1. Compute the helix-to-body angle for 88-110: its Cα long axis versus the longest principal axis of the chain, expressed 0 to 90° and rounded to tens.
2. Do the sum for the chain: with -39,500 (n - 2.57) for every DSSP H run of n ≥ 4, divided by all residues, what is the mean residue ellipticity at 222 nm, to the nearest 500 deg cm²/dmol?
3. What is the distance in Å between the Cα centres of region 78-106 and region 32-54?
4. So how many Å³ per residue does the convex hull of the Cα atoms of the chain work out to?
5. In debye, nearest 20: dipole of the chain around its Cα centre with unit charges on the Cβ of K, R (+) and D, E (-)?
6. For a 23 Å ceiling on Cα separation, which of these pairs sit above it: K23/K91; K39/K91; K39/K102; K59/K91; K23/K92?
Amino acid sequence: MRFARRPVVTVSIDSLHFIVPIKTGNTVLTRARVTYSGKTSIEVEVVVEAENSVTGVTKRATHAFLTYVAVDDNGDPTPVPPFNPKNEEEKKRYAEAGARRKARLAQARSD
Ligand SMILES: CC(C)(COP(=O)(O)OP(=O)(O)OC[C@H]1O[C@@H](n2cnc3c(N)ncnc32)[C@H](O)[C@@H]1OP(=O)(O)O)[C@@H](O)C(=O)NCCC(=O)NCCS
């Protein structure tokens, strides 16, 4: 929503991995970044880390890619701003996201 400045709905979640457990007393750190935008959809990568609150050691606990679609007042898809990757890292992630999008849509069509 912060990127689109519109209400968004989740249309897809893929590559959801639970890597280590989050234990009672851990601090949970959640980071999310836009990796790709289409006409009305946005891919967001979410990384959740479990931090041992005493030692400060963090471990990646969960990782996922979520696709959101911006919607208008009728709930129909509405355009989002373009995501312009700025540095090499962002460009790499953008290219990878484009490939994921193709695979995701092909999968959705075949379901
Ligand atoms: C999301 C929704 C508005 C899309 O409507 P739609 O009529 O299928 O829209 P379109 O076919 O025009 O697709 C709109 C965008 O969604 C993308 N999309 C559609 N199905 C998708 C899927 N399964 N995975 C990823 N992206 C998808 C399209 O690629 C398109 O993106 P683009 O504009 O960037 O190219 C509609 O499917 C919906 O309301 N779904 C329910 C959402 C919901 O209830 N979420 C809550 C889950 S907790």
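No lab work stands behind these numbers, since they all come straight from the coordinates. What you are looking at is a predicted structure, and each value in this text was computed from that prediction instead of being measured. Neighbour counts are summed over all protein chains in view; Cβ atoms, including those assigned to glycine, are modelled from backbone coordinates with ideal geometry.
1. That helix lies at roughly 70 degrees to the long axis.
2. Values: 1 runs with 23 residues, N = 111.
Here the helix-only value at 222 nm equals -7500 deg cm²/dmol.
3. Rounded to whole Å, the Cα centres lie 13 Å apart.
4. Working: hull volume 15.1 nm³, N = 111.
Enclosed volume per residue, from the Cα hull, is 136 Å³.
5. Working: 18 positive and 13 negative charges, 45 e Å.
So the magnitude is around 220 debye.
6. Values: K23/K91 35 Å; K39/K91 18 Å; K39/K102 14 Å; K59/K91 26 Å; K23/K92 33 Å.
As for pairs spanning more than 23 Å Cα to Cα, those are K23/K91; K59/K91; K23/K92.
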